[in-house]
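Pasting a structure here, questions to come.
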Amino acid sequence: MQTEFLFSPLAPTRDKGASLTVGTARVPLQFVRHRRARRYILRLTAEGVARVTIPRGGSTAEGRRFAERQTGWIEGQMRRRQEVALRPTGLFIGSQILFRGEPILLSAGAADGALVIRFADQAVRIENLFDDVRPRLEQHLWSMAQAELPPRVRALAEQHGFAVRGVRVRNQRTRWGSCSRHGAISLNWRLIQVPEPVRDYIILHELAHLREMNHSARFWSEVAKLCPSYREAERWLRTQGKPLVVS
């Protein structure tokens with residue numbers, strides 16, 4: 001099922017009373033016709049409206065049936081948004097973060113006459129002990145990732161016979177990494193927070209795409225050759241990686 005709205009729609013159809021039962025909730029339902037859409041597309045908007053794009057020749061009746069078949073997906077999206085809304089957004093002295101796969105407490109300290117946050121072997125300069133330190137901390141972790149991840153990609157690529165054209169460290173919100181057909185690897189800076197075997201699995205996963213640009217059985221066979229313990233890494237990502245990357 002495609003869940004992203006890719007084109008600017010025409011005006012929504014006039015059906016203001018339409019709604020959908022999802023679990024115990026009533027979700028407003030909106031239909032939008034689009035001449036370039038090739039299939040029915042469902043999206044849950046930021047306002048909590050289930051918006052169905054109707055392709056040329058389609059009908060609102062079939063659009064409703066399509067949405068009714070996807071109530072499980074809608075419920076999952078609503079649950080995820082609620083979890084994100086309840087998740088604390090700020091980081092302060094005494095907060096706990098994940099660093100190289102280990103939970104670490106943030107503590108205050110001093111270095112060269114300046115206030116710093118300390119965690120593991122790191123010290124990050126701050127201005128005020130009572131400020132939210134998340135922006136400064138994430139900037140520091142991103143810088144660490146930029147220094148560490150590209151050399152690791154090149155080392156693993158050389159070890160396994162891959163030709164990589166470039167490595168970028170990005171702020172990806174919905175994925176750990178990606179690989180282009182031209183041989184460029186992009187990695188999420190949050191990999192600095194995961195255990196090193198999991199980090200290496202993500203890198204090898206993206207390198208495997210240079211041979212199989214899909215997620216076919218042949219792709220997973222290639223991943224298993226490169227990283228025999230990949231299932232353990234996948235399990236860690238499912239159970240402990242979700243707070244780091246929004247899926």
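With within 23 Å of F99 (Cα to Cα), in contact with a strand residue (DSSP E or B) (Cβ under 6 Å, 6 or more places away or on another chain), modelled with pLDDT of 95 or more and surrounded by 19 or more Cβ atoms within 10 Å (Cβ to Cβ) as the only criterion, which of V169, V133, V198 stands out?
V169
Do you know which residues across the range 61-77 are exposed (fewer than 15 other Cβ atoms within 10 Å of the Cβ) and either more than 17 Å from V32 (Cα to Cα) or not hydrophobic (A, V, I, L, M, F, W, C) (or both)?
Passing the criteria: E62, R65, E68, R69, G72, G76.
Step by step: first the residues of the range 157-175, then only those that are in a strand (DSSP E or B) and of a type in the set (V, I, T), then the one that is farthest from R199 (Cα to Cα). Which residue is that?
Looking at residues that are in a strand (DSSP E or B) and of a type in the set (V, I, T), I get V167.
Okay, next question. Between I117, I74, which is among the hydrophobic types (A, V, I, L, M, F, W, C) and more than 21 Å from R26 (Cβ to Cβ)?
I117
Yes or no, residue by residue, for (1) of a type in the set (A, V, I, L, M); (2) assigned by TED's automatic domain parsing to the domain that holds A184:
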site: R100; (1), (2): no, no
site: S107; (1), (2): no, no
site: A111; (1), (2): yes, no
site: A114; (1), (2): yes, no
site: Q122; (1), (2): no, no
site: E127; (1), (2): no, no
site: D132; (1), (2): no, no
site: R154; (1), (2): no, yes
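Go through the range 115-130 and give me each residue that's in contact (Cβ under 8 Å) with a residue 24 or more places away in the chain, in contact with a strand residue (DSSP E or B) (Cβ under 7 Å, 6 or more places away or on another chain) and surrounded by fewer than 15 Cβ atoms within 10 Å (Cβ to Cβ).
L129
Okay, moving on. F99 - would you say it is in contact (Cβ under 8 Å) with a residue 60 or more places away in the chain and surrounded by 14 or more Cβ atoms within 10 Å (Cβ to Cβ)?
Yes.
Going by the conditions given, is V164 touching a residue at least 40 places away in the same chain (Cβ under 8 Å) and touching a Lys or Arg at 6+ places or on another chain (Cβ under 8 Å)?
Considered against the rule, which asks whether it is touching a residue at least 40 places away in the same chain (Cβ under 8 Å) and touching a Lys or Arg at 6+ places or on another chain (Cβ under 8 Å), V164 comes out as yes.
Tell me which residues, restricted to the range 167-183, are touching a helix residue (DSSP H, G or I) at 6+ places or on another chain (Cβ under 8 Å) and either touching a residue at least 60 places away in the same chain (Cβ under 8 Å) or assigned by TED's automatic domain parsing to the domain that holds R81 (or both).
W176
The values are calculated or read from the model by the stated rules, or taken from the named source; none is laboratory data. In this text the structure is predicted, and so the values were computed from the model without any measurement. Heads up, the Cβs are rebuilt from the backbone with ideal geometry, glycines too, and the neighbour counts pull from every protein chain shown.
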